[in-house]
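The values are calculated or read from the model by the stated rules, or taken from the named source; none is laboratory data. From a predicted model like this one, the values you see are computed outputs, not experimental measurements. Because the Cβ atoms are built from the backbone with ideal geometry, glycine has one as well, and the counts that use them run over all protein chains shown. Accessible surface areas use protein heavy atoms only, side chains included; no ligands, DNA or RNA. Shrake-Rupley method; radii C 1.70, N 1.55, O 1.52, S 1.80 Å.
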Amino acid sequence: KGRKLIGWDEILQGGLAPEATVMSWQGFEGGVAAARSEHHAVMTPVSHCYFNIYQGDPATEPTSFRGLITLEKVYSFEPVPQELTPEEGKYIIGAQGCLWTEYVTDGKTAEYMILPRLTALSEVVWSSPESRTWEGFITRLPKMMERFDALDLAHYTP
């Protein structure tokens, strides 16, 4: 029926079905293993792409999972792991930001948890590494924050 399997990186443990795609969340290793076995992977490592983790001081942030994933940490993310060859790197088909909602009680809290980190992830995924810099991003960020405000979107202010 035209369906294809996609699964969290635990599916690597039992051997991959033909054409299975791996969602590499536990780190980068799942994506590397998938690419090296000529399977597609979507990179979503908890270290950079989980937006249900604090982005600032827990004393002033909405209740969240422990840890800290700052805007700069998200921006430093490289979806294609360096240890892959250019040919293997072609199997990394993208990245995903995740927001688990155990502590998210409403839409405004969800907006706050993802913004502006989703903006950083978007630029990382949609542009080449050589075309982006942290300094350029933070120079453009105030204009994006104005857009968030004009749309009445809740967001973290770095």
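Listed values, structure above:
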quantity: Highest-MSF residue in the chain out of Met23, Met145, Met113 [GNM, Cα springs under 10 Å]; calculated: Met145
quantity: Kyte-Doolittle mean at least 0.0 and Cα axial length at least 18 Å: DSSP H helices in the chain; calculated: none
quantity: Virtual spin-label span in nm between Ala154 and Thr63, 7 Å along Cα→Cβ; calculated: 1.4 nm
quantity: Average accessible surface area per residue within region 1-98, 1.4 Å rolling probe, Å²; calculated: 55 Å²
quantity: Highest-MSF residue in the chain out of Ala120, Ala35, Ala59 [GNM, Cα springs under 10 Å]; calculated: Ala59
quantity: Surface share of carbon and sulfur [accessible, 1.4 angstrom probe, percent] for the chain; calculated: 56 percent
